[in-house]
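Participant: Structure provided below as structure tokens; questions to follow.
Any read-out appearing in this document is the output of simple, stated calculations on the displayed coordinates, not a laboratory observation. Fair warning: this is a prediction, and the values are worked out from it, not measured in the lab. Neighbour counts run over all protein chains shown; Cβ positions are idealised from the backbone, glycine included.
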Amino acid sequence: MAVWDDVVGQERVTQELAAAARDADALVSADRALHTAAPGEPGAGESGGASRMTHAWLFTGPPGSGRSTVARAFAAALQCVSPDRALGGAPGCGFCDGCHTTLVGTHADVEIVRTDLLSIGVKETRDLVRRASLSPAGGRWQVIVLEDADRLTEGAGNVLLKAVEEPAPRTVWLLCAPSIEDVLPTIRSRCRHLSLRTPPVDAVADVLVRRDGIAPEAAAAAARVTQGHIGRARRLATDERARARRAAVLKLPLRIDDIGGCLKAAQELIDAAGEDAKQVAEEVDTKETEELRAALGAAAGTGGRLPRGTAGAMKELQDRQKRRATRTQRDSLDLALVDLTGFYRDVLTLQLGAPVPLANDEVRDSLDRVARASTPVRTLRRIEAIIACREALDRNVAPLLAVEAMTAALRAG
Ligand SMILES: [Zn+2]
């Protein structure tokens with residue numbers, strides 16, 4: 001299985017990256033040949049012409065389009081050491097040590113930065129830049145994947161800028177962000193930009209069947225209702241709780257007849273997001289805390305007391321966990337709002353009689369009811385209210401206030 005197999009519905013992008021990986025491989029081989037070949041002999045694998053490889057890339061695309069999957073696949077192709085390359089095979093076999101360790105996250109020369117914090121600060125970025133300046137231990141490329149380049153603070157962006165402007169010869173930066181506007185202009189102007197599209201529903205269903213072993217019908221349904229968001233589709237197809245959560249969200253439009261219903265629905269959305277954060281915390285925090293205690297040498301059998309001077313590290317972990325809970329809660333709430341937008345989009349489709357398949361066909365009765373009781377203009381206003389709520393949450397407005405304002409606006413429509 002080649003590294004690109006996990007990239008769904010992005011043929012143009014994968015072609016370009018495969019070509020870049022081929023040129024990158026030629027550069028490495030040429031460097032090696034330079035050191036070993038007799039003078040005058042051309043380096044192996046010269047591609048001739050301009051190299052399609054460059055040292056800074058920016059991947060943008062809507063949530064769920066697979067930005068980080070693409071970045072990781074490219075990183076793997078850059079580290080590919082398959083002997084087939086010499087026979088004209090493209091780098092990125094998916095099997096060799098370079099590919100495999102990159103994909104599972106243990107390659108010594110690939111740093112994948114995925115933050116569960118709301119922002120990436122100057123200190124973390126300095127550490128990364130220092131890391132990026134090292135020569136690759138494996139002799140190929142030093143790859144830094146920054147999954148949330150949109151979360152860099154301005155100060156952090158400036159630290160990164162210097163590194164992207166004057167990169168070490170074998171360092172590659174792979175930045176991911178929702179859109180190009182989310183990245184500082186100075187940084188994005190130094191990156192080669194590739195934008196991903198929302199993958200087609202069929203392609204998503206296909207990958208769920210092929211990779212996750214999900215039954216074709218369930219895969220098709222999950223792909224359809226999540227409209228091309230791969231991660232969500234997988235979660236919906238495999239997680240009973242996620243299906244229940246979604247079903248509850250789709251009932252909301254029929255429960256906001258009076259102001260009491262609006263307030264109650266808002267509170268429930270907030271509570272459900274809090275519940276998600278709690279569950280993630282239960283799964284991850286305890287294990288993380290235990291690991292850190294062990295690493296710090298907490299004495300077993302003495303009530304596990306921590307050695308002197310290590311309380312700071314524990315405090316740092318607790319702060320991190322608190323910020324992660326905040327982010328999980330926000331992400332979960334945002335997903336609910338995406339589902340709600342999908343509901344009203346279907347309502348609009350019905351009102352306009354558009355020949356488009358409904359995303360939420362399983363609640364056809366509710367869709368019909370809301371469609372009959374309102375007009376396209378009102379539906380658009382409702383969709384705008386949801387968008388406004390998502391924007392308010394982005395600006396750190398207190399979640400309950402933002403959601404209450406939204407449910408009230410949905411009722412007024
Ligand atoms: Zn390989």
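Participant: Could you run the Karplus curve 6.51 cos²θ - 1.76 cosθ + 1.60 with θ = phi - 60° over the stretch 265-277 and give me ³J(HN,Hα) per residue in whole Hz, x for Gly and Pro?
Facilitator: Ordered by residue, 3J(HN,Hα) equals 4, 4, 4, 5, 4, 5, 4, 5, 5, x, 5, 4, 4 Hz.
Participant: List every residue whose amide H lies under 5 Å from the amide H of L152, counting only residues 5 or more places away in sequence or on a different chain, with H placed 1.01 Å from N in the peptide plane.
Facilitator: Under 5 Å from the amide H of L152 lie the amide H atoms of I120, each far enough along the sequence or on another chain.
Participant: Can you give the FRET efficiency to the nearest 0.05 for I259 and L352, using r as the Cβ-Cβ distance and R₀ = 25 Å?
Facilitator: 0.25
Participant: Follow-up. For a test of the definition: using alpha carbon positions, the gyration tensor, and the 1.5 limit on a/c, classify the stretch 200-316 as rounded, prolate or oblate.
Facilitator: Because a/c hits 1.5 or more and a/b fails to exceed b/c, the stretch 200-316 counts as oblate.
Participant: In the calculated pair distance distribution of the chain, what percentage of Cα-Cα distances lie above 28 Å?
Facilitator: 58 percent
Participant: Something else now. Please list, ordered by chain and number, the residues whose modelled amide H lies under 5 Å from the amide H of L175; skip anything fewer than 5 residues away on the same chain.
Facilitator: Those lying under 5 Å, H to H, from L175 are W57, L58, F59, L146.
Participant: Between I387 and E16, how many nm apart are label points set 7 Å from Cα along the C-beta direction?
Facilitator: For the pair I387/E16, the computed spacing is 2.6 nm.
Participant: Give me the base-10 log of I(q)/I(0) for the stretch 11-195 at each q in 0.11, 0.14, 0.15, 0.18 Å⁻¹, Debye formula, one uniform scatterer per Cα, rounded to two decimals.
Facilitator: Those come out to -0.46, -0.75, -0.85, -1.21, one per q.
Participant: While we're here: What whole number of Å gives the distance from the Cα centroid of the stretch 47-91 to the Cα centroid of the stretch 320-374?
Facilitator: 35 Å
Participant: Whole-Hz ³J(HN,Hα) for each residue in the stretch 376-381, computed from phi via Karplus 6.51 cos²θ - 1.76 cosθ + 1.60 with θ = phi - 60°, x for glycine and proline: what do you get?
Facilitator: Those phi angles translate into x, 4, 5, 4, 4, 4 Hz.
Participant: In terms of the ratio Rg/(2.2 N^0.38 Å) built on C-alpha atoms, what value belongs to the stretch 253-412?
Facilitator: That ratio works out to 1.45.
Participant: Long-range amide H contacts for I112: which residues qualify at under 5 Å (H placed 1.01 Å from N, peptide plane, sequence gap of 5 or more or a different chain)?
Facilitator: When sequence neighbours closer than 5 places are left aside, the close amide H contacts are V145.
Participant: Right, another one. Given a cut-off of under 8 Å on Cα pairs at least six residues apart, what relative contact order in percent is computed for the chain?
Facilitator: For the chain, the relative contact order is 14 percent.
Participant: So what is the relative contact order of the stretch 11-195, in percent, for Cα pairs below 8 Å that sit 6 or more residues apart?
Facilitator: 26 percent
Participant: What is the angle, in °, between the Cα long axis of helix 201-212 and the longest principal axis of the Cα atoms in the chain? Nearest 10 is fine, range 0 to 90.
Facilitator: That works out to roughly 60 degrees.
Participant: In whole Hz, what ³J(HN,Hα) sequence does the stretch 12-22 give by Karplus (6.51, -1.76, 1.60; θ = phi - 60°), x for Gly and Pro?
Facilitator: 4, 5, 5, 4, 5, 6, 5, 5, 5, 5, 5
Participant: Another question, then. Helix-only mean residue ellipticity at 222 nm, the chain, DSSP H runs n ≥ 4 weighted -39,500 (n - 2.57), per residue, nearest 500. What is it?
Facilitator: It lands at -19000 deg cm²/dmol.
Participant: Also, quick follow-up: Take the stretch 350-407, compute every pairwise Cα distance, and split them into 5 Å bins from 0; I just need the percent in each bin.
Facilitator: In whole percents, the pair-distance histogram is 4, 17, 19, 20, 15, 14, 9, 2.
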